[in-house]
Structures are given as C-alpha cells and as structure tokens.
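Participant: Just passing along the structure, written as structure tokens.
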DNA sequence: TAGTGGTCTAGACCACTGC
DNA sequence: CAGTGGTCTAGACCACTAC
C-alpha cells in the first residue's frame with residue numbers, strides 16, 4: 001500500500017465535502033469507520049487530517065462540520081473589515097459588545113486623554129470567531145454605546161455618526177497562541193492559533209488618533225494575507 | 001483525571017527540553033512509553049502535541065529532535081535577511097545555488113529585459129529550511145554566478161560587487177501550502193506549511209528593478225511577523 | 001541490522017452535547 | 001438519554017535511516 005488508508009479516506013472526503021455548505025454535518029468517526037470498514041482510529045486520522053487542512057471543525061459531543069476559511073488581507077494603509085470579507089464570500093457576520101476587563105491602553109491616543117474601552121465579539125456563520133479590544137478617545141465619541149448598534153461597524157459609526165473622516169492603518173500582524181482571556185472569550189480548543197492584528201484609526205478632521213484596536217481572529221477560520229505594495 | 005496523560009507528558013517534556021539546544025535528541029516514542037509506563041500511542045500523542053507547538057521535529061527512521069523557531073519580521077520598506085535573523089538568534093545559516101526549472105518571470109523587471117533565473121536553497125541548523133527563486137535583469141549583474149559565492153547574500157553582492165545601491169521592498173506575504181516543486185526541493189513532510197514572501201529590489205543608482213524574488217520558508221521554522229508601521 | 005517514526009486493528013471508558 | 005468526539009491500552013507490521 002503506497003498511500004495510507006486514512007489519507008485516501010481524507011482525500012475522498014475532502015472532495016465530497018467541497019460541494020457542501022459551511023456548517024454541513026460530516027459523518028461521525030464511528031459512522032465513517034463502519035461505512036468504510038476501517039478501525040475508528042483510522043477514520044479519526046482522516047478527520048484529523050481534514051481538520052489540519054481546515055476543511056472541517058469538530059465540536060466535542062456534537063459532531064464534525066464543514067468549515068470554510070476566509071482570506072483576511074491586511075495592507076499598511078487599511079485593515080479591511082472582517083465583516084466585509086465574510087459577507088463578500090457569502091458567509092454571515094455579526095458583532096456584539098461584551099463586558100470585559102479594562103486593560104491599560106496603548107499610548108497612541110495621547111497623554112491625559114480620557115479613554116473608553118470597548119470589547120466586542122464577532123460571530124461568523126453562527127460561531128464565535130474573533131474578538132476585539134478597542135481604546136477610544138472618549139471626548140471624540142460621546143454616546144458611542146447608544147450609537148454603535150445603529151451601524152454596521154465601529155468604523156462606519158465613526159464616519160457617519162461623528163463625521164470624523166476616519167483613516168485606518170494596520171500596525172502589526174502575527175499568528176500566535178491566544179492569550180488566556182481570548183481563549184476563554186472565544187472558547188477555543190487546545191492548539192487553536194489566532195491571527196493578531198493591531199490597528200490605529202486617525203481622524204482626518206481633528207488630526208488626532210481616535211481609536212486603537214487589537215483584534216484576535218481564529219486562525220483556522222481566517223487566513224492572514226499581507227499586501228505590502230504602496 | 002482532569003488533564004490527560006499525554007498533555008501532562010507533553011508539558012513536562014517541553015519544560016525539560018527548554019534547556020536543550022536546537023537539534024538535541026528527544027527520547028523515542030518507544031522509550032518514552034517505557035519510561036513513563038504508558039502506551040506507545042500516548043507517548044506519541046505527547047510528541048504530536050510538541051510537534052504542533054513547534055518544539056520538536058521528527059524525522060522518520062532517525063528520530064525526534066529539539067526544534068527552534070525564528071521570528072521573520074517583514075516590513076513594507078524591507079524584507080529582513082533570513083540569514084541575519086538566524087545568526088542573530090545563535091543559529092547557523094548558509095545558502096547554496098541549485099539548478100531548477102526556468103519559470104516565467106514576473107513583469108516587474110520591465111519588458112524586453114533579458115532575465116536571469118536563480119534558484120537558491122537555504123540551510124538552517126543543518127536542515128534545508130527555505131528556497132528562493134530570483135529573477136534578475138541580466139545586464140545589471142554580469143558574472144553573477146562567479147561573484148555570488150564571495151558574498152554573504154545576494155543583497156550584499158548587489159551592493160558591493162555591482163554598486164547598485166539596492167533597496168528591497170516586500171510586496172506580499174502569506175502562509176500557504178507549498179507548491180509541489182517547493183515540497184520536493186525542501187523534502188517537506190505532509191502538512192508542512194510555508195511562509196511565502198514576494199519581494200522586489202530596486203537599484204537607486206539605475207532607477208530600475210534589479211531583482212524579483214519569491215521565497216518559501218518552512219512555517220514550522222519561521223514565524224511570520226508583519227510590522228506595518230511607516 | 002537495530003532502532004526510528006508511520007500506520008493500523010480491536011477493543012474500552014470518559015466528558016460533553018443535544019434532545 | 002443516545003450519540004459525539006477525546007483519551008487510552010495492548011498489541012502488530014511497515015518504511016525508512018544510520019551504522
């Protein structure tokens with residue numbers, strides 16, 4: 001036997017699943033083993049392989065499901081909105097504001113500025129997929145908590161509700177192990193990596209920095225692509 | 001049992017290995033199983049875990065060895081040399097020119113320019129770790145094959161041997177599955193991802209593009225960090 | 001040739017999820 | 001509650017590497 005059984009199975013499954021929509025149920029390990037007359041561990045190895053290939057995602061106790069990956073393209077000039085990326089690819093995206101610890105703010109907002117901390121969680125295709133912590137200059141965004149739900153994203157709120165002419169710049173990006181708070185917020189299984197992106201939004205109108213945001217995105221759901229062309 | 005056996009073993013091993021140098025031998029699966037009185041598959045699961053954490057690397061038939069990871073920081077202005085990164089972290093780095101297919105060149109070099117194709121392989125800590133394909137404007141680098149071995153890198157050759165005042169710009173970076181040619185060149189096992197970086201080097205002296213390079217780096221050996229600050 | 005990691009079988013018990 | 005994925009055992013044969 002040249003190609004191992006589990007890889008034959010994995011390739012075959014991947015091919016079959018290509019036609020399925022994200023979230024579709026994949027046969028369970030026991031069922032797969034029965035169907036193909038192999039040991040459960042062999043069927044499991046095939047699913048392990050597909051999980052590594054980011055084709056499926058598992059939820060203990062509930063099952064294995066087709067997964068999709070979105071290309072998150074970051075450029076120095078702007079950090080593209082994740083919700084745009086997801087919706088453009090036909091997925092569903094929504095965000096909600098959550099409580100969280102008040103963390104020390106980065107220094108980009110300026111000294112002595114009163115800082116508002118905002119924690120948000122993003123849902124993609126019905127799953128918690130990312131979280132963000134934003135630090136904002138309080139005086140530039142009065143009543144933000146009430147204004148935010150009326151807009152698609154924080155960025156459009158800054159634009160439309162406050163007329164700040166926001167300019168978003170990406171600062172730094174890397175793929176890393178999630179900090180404990182993020183792991184808990186997103187309920188990440190072991191071994192899940194995240195894409196970390198730091199960005200800053202300046203206001204063209206006031207000439208000040210409005211917002212600094214740290215984003216953590218499940219790396220199995222988002223693929224980091226960096227475009228550095230000027 | 002709260003924490004599974006294989007994780008206890010993995011954490012313990014990781015702690016022990018932290019003091020070992022890159023390349024140090026790790027106990028084999030059979031030996032680990034015997035030492036800790038567990039099944040071989042349990043010992044194997046622990047090593048699987050450490051491989052995913054990029055703490056060890058396996059070579060079938062020869063053993064498991066301590067691995068190290070280097071941060072490859074890319075900025076829009078310049079793509080830092082991998083050999084600098086490795087040597088600064090105390091690792092060993094060398095490059096060699098190899099034969100390879102002549103591939104269609106990107107269009108950045110200009111129309112009608114005679115193009116020289118250069119394939120190089122990089123060795124890190126004694127292992128093939130990356131490969132590069134460069135397209136160069138032939139007329140700007142006469143006798144490059146003879147000049148190259150006298151320099152640390154292609155970049156310094158352009159600088160010192162040809163006085164081109166080179167300026168390197170990173171263009172694009174992503175983490176992806178290796179193309180078959182790269183998989184073969186680097187003898188990559190299944191499931192190994194690579195960091196792909198496209199960069200362009202312009203000559204300040206001539207005002208022309210000297211070189212376009214595509215680099216593929218083992219993602220288990222190099223961690224992509226992107227710094228987008230101006 | 002001896003030892004390594006890679007694959008595979010036939011079981012078993014568990015924690016967790018959804019109904 | 002039944003079904004899911006997660007862990008674990010005790011075996012086995014194989015391809016590959018180093019000596």
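Participant: Considering the stretch A:191-219 alone, what residues qualify as being more than 8 Å from chain B (Cβ to nearest Cβ) and out of contact with any strand residue (DSSP E or B) (no Cβ under 7 Å at 6 or more places or on another chain)?
Facilitator: Our first condition is that a residue be more than 8 Å from chain B (Cβ to nearest Cβ); within the stretch A:191-219, this holds for A:192-219.
Result: A:205, A:206, A:207.
Participant: When both residues are 6+ apart or on different chains and their Cβ atoms are under 8 Å apart, which pairs have a first residue that lies in the stretch A:1-18 and is without any contact (Cβ under 8 Å) to a residue 12 or more places away in the chain, and a second that is within 13 Å of DNA strand C (Cβ to nearest atom)?
Facilitator: none
Participant: Still on this model: Of the numbered conditions (1) surrounded by fewer than 18 Cβ atoms within 10 Å (Cβ to Cβ); (2) closer than 23 Å to residue B:127 by Cα; (3) within 14 Å of another protein chain (Cβ to nearest Cβ); (4) within 16 Å of DNA strand C (Cβ to nearest atom), residue B:71 fails exactly one; give the number of that condition.
Facilitator: Looking at each condition in turn, residue B:71 falls short on (4).
Participant: Here's something else I'd like to know. Would you pick out the residues in the stretch B:36-57 that are farther than 17 Å from residue A:44 by Cα, near DNA strand D (Cβ under 7 Å from one of its atoms) and part of a helix (DSSP H, G or I)?
Facilitator: Once the filter is applied, which keeps residues that are farther than 17 Å from residue A:44 by Cα, near DNA strand D (Cβ under 7 Å from one of its atoms) and part of a helix (DSSP H, G or I), the stretch B:36-57 yields only B:40.
Participant: Residues of the stretch B:24-35 being surrounded by 17 or more Cβ atoms within 10 Å (Cβ to Cβ) and either near DNA strand D (Cβ under 9 Å from one of its atoms) or part of a helix (DSSP H, G or I) (or both), which ones?
Facilitator: Result: B:29, B:32, B:33.
Participant: Which members of the stretch A:54-68 meet the condition of being within 12 Å of DNA strand C (Cβ to nearest atom) and within 24 Å of residue B:175 (Cβ to Cβ)?
Facilitator: Selection gives A:58, A:65.
Participant: State yes or no: is residue B:94 touching a strand residue (DSSP E or B) at 6+ places or on another chain (Cβ under 8 Å), away from DNA strand C (no atom under 13 Å from the Cβ) and part of a strand (DSSP E or B)?
Facilitator: So residue B:94 passes the test.
Participant: Which residue is farthest from the other protein chains (Cβ to nearest Cβ), if the candidates are limited to the stretch B:27-41 and must be within 11 Å of DNA strand C (Cβ to nearest atom) and touching a helix residue (DSSP H, G or I) at 6+ places or on another chain (Cβ under 7 Å)?
Facilitator: For the stretch B:27-41, the residue satisfying everything is B:27.
Participant: Which residues, taken from the stretch A:103-115, are in contact with a strand residue (DSSP E or B) (Cβ under 6 Å, 6 or more places away or on another chain) and either farther than 22 Å from residue A:172 by Cβ or in contact (Cβ under 8 Å) with a residue 60 or more places away in the chain (or both)?
Facilitator: Correct list: A:105, A:106, A:108, A:109.
Participant: Hey, residue B:108 hits all of (1) at pLDDT below 90; (2) closer than 26 Å to residue B:167 by Cβ; (3) out of contact with any helix residue (DSSP H, G or I) (no Cβ under 8 Å at 6 or more places or on another chain); (4) assigned to a loop (DSSP other than H, G, I, E, B) but one; which does it fall short on?
Facilitator: (4)
Participant: Pull up the stretch B:176-188, narrow it to residues that are in contact (Cβ under 8 Å) with a residue 40 or more places away in the chain and assigned to a loop (DSSP other than H, G, I, E, B), then point me to the one that is nearest to DNA strand D (Cβ to nearest atom).
Facilitator: First, pick out the residues of the stretch B:176-188 that are in contact (Cβ under 8 Å) with a residue 40 or more places away in the chain: B:181-182, B:185-187.
With the extra rule that they be assigned to a loop (DSSP other than H, G, I, E, B), the set shrinks to B:186-187.
Numbers: B:186: 13, B:187: 8 Å.
Within the stretch B:176-188, the match that is nearest to DNA strand D (Cβ to nearest atom) is B:187.
Participant: Related question: Checking the condition outside the structural domain of residue B:130 (by TED's automatic domain parsing) and free of Cβ contacts under 8 Å to residues at least 24 places away in the same chain, which residue from B:31, B:49 passes? Spell out how you get there, then give the answer.
Facilitator: On the way: B:49 fails: free of Cβ contacts under 8 Å to residues at least 24 places away in the same chain.
The unique qualifying residue is B:31.
Participant: Here's a check for you: in the stretch A:164-183, which residue that is over 16 Å from residue A:214 (Cβ atoms) and surrounded by fewer than 16 Cβ atoms within 10 Å (Cβ to Cβ) is nearest to the other protein chains (Cβ to nearest Cβ)? Steps first, answer last, please.
Facilitator: Within the stretch A:164-183, the first condition is being over 16 Å from residue A:214 (Cβ atoms), and the residues that meet it are A:164-167.
Now restrict to residues that are surrounded by fewer than 16 Cβ atoms within 10 Å (Cβ to Cβ): A:165, A:167.
Working: A:165: 19, A:167: 12 Å.
Checking each candidate, the answer is A:167.
Participant: Which condition from (1) assigned to a strand (DSSP E or B); (2) within 14 Å of chain B (Cβ to nearest Cβ); (3) closer than 23 Å to residue A:88 by Cα is the one that residue A:229 breaks?
Facilitator: With respect to (1) assigned to a strand (DSSP E or B); (2) within 14 Å of chain B (Cβ to nearest Cβ); (3) closer than 23 Å to residue A:88 by Cα, residue A:229 is out only on (1).
The values are calculated or read from the model by the stated rules, or taken from the named source; none is laboratory data. All values reported here derive from a predicted model rather than from experimental measurement. FYI the Cβ positions are ideal-geometry reconstructions off the backbone, even for glycines, and counts take in every protein chain you see.
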